[in-house]
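The values are calculated or read from the model by the stated rules, or taken from the named source; none is laboratory data. Here the structure is a predicted model, which is why all the values come from computation and not from measurement. Cβ sites come from the backbone with ideal geometry, for glycine too, and all protein chains shown count toward neighbours. Side chains included, ligands, DNA and RNA excluded: accessible areas come from the protein's heavy atoms. Shrake-Rupley method; radii C 1.70, N 1.55, O 1.52, S 1.80 Å.
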Amino acid sequence: MGPTLINGLPAHVLLVHFVVVLVPLTALALVAATVWTTWIRRLGVVLPLLALVTLISVPITTNAGEWLEKRIPSDSLVRKHTDLGDTLLPWVVALFVVAVAVWWFGRRAMARSSVNTHTRAGLSGAVPLTMPVRVAAIVLAVVVAAGSVVQVYRIGDSGAKSSWEGGFSTTPVSGKGR
């Protein structure tokens, strides 16, 4: 599932950059669309599509990471990184589900408001989202967005430590940089 090598390099070290950008971007778009309802109209179908691309990128990146894990020496830092890496998918699934729900209900609310304005027979009784439902949506979006971004940070931090800890000198090793 997905590439394991790109131009002779392990695909994971390149693909991870998509996840590191897409998860926070999707989280930010979701919170913006939930808090400021005009953003639902501005983003339109981009919100669920962005969430879908983010969702697809996670298992592809994880698969490339599992391929790489089998080809490097294992230690506690690598194991911690791979264990944490396996925790991101549920967060991103939740991010996708909430993004689709916010988009869907936002579309319906916009359609209802336009129907109410034009008063079509049989449809004018549509009721906009109540304040408790809107507050619940905002809280859910913020929790899912924050959780997914925090997980990306934790996974990235552990990956950087597993790659770089003990692998560089704090002082220059060549004549450069003195």
*Suppose R0 equals 45 Å; then what is the FRET efficiency for V135 and L14 from their Cβ-Cβ distance, rounded to the nearest 0.05?*
0.65
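Given contacts defined as C-alpha pairs under 8 Å and at least six residues apart, what's the relative contact order of the stretch 30-100, whole-number percent?
The value is 45 percent.
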*What residues qualify as long-range amide H neighbours of I6, i.e. H under 5 Å apart, gap of 5 or more or another chain, H built at 1.01 Å from N?*
A11
*So what is the 222 nm mean residue ellipticity for the chain from helices alone, if each DSSP H run of at least 4 adds -39500 (n - 2.57) and you divide by all residues, rounding to the nearest 500 deg cm²/dmol?*
-25500 deg cm²/dmol
_At 1.4 Å probe size, with the rest of the protein present, what percent of the exposed accessible area of the chain is carbon and sulfur atoms?_
69
*Please express the Cα-Cα pair-distance distribution P(r) of the chain as a list of whole percents, one per 5 Å bin, running from 0 to the bin with the greatest distance.*
1, 8, 14, 15, 13, 11, 10, 8, 6, 5, 3, 2, 1, 1, 0, 0, 0
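Whole number in Å², please: accessible area per residue of the stretch 20-61, 1.4 Å probe, ligands, DNA and RNA not counted.
It amounts to 48 Å² per residue over the stretch 20-61.
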*asked:* Rounding to the nearest 10 and keeping the result within 0 to 90°, find how far the Cα-based axis of helix 88-118 lies from the longest principal axis of the chain.
replied: 20
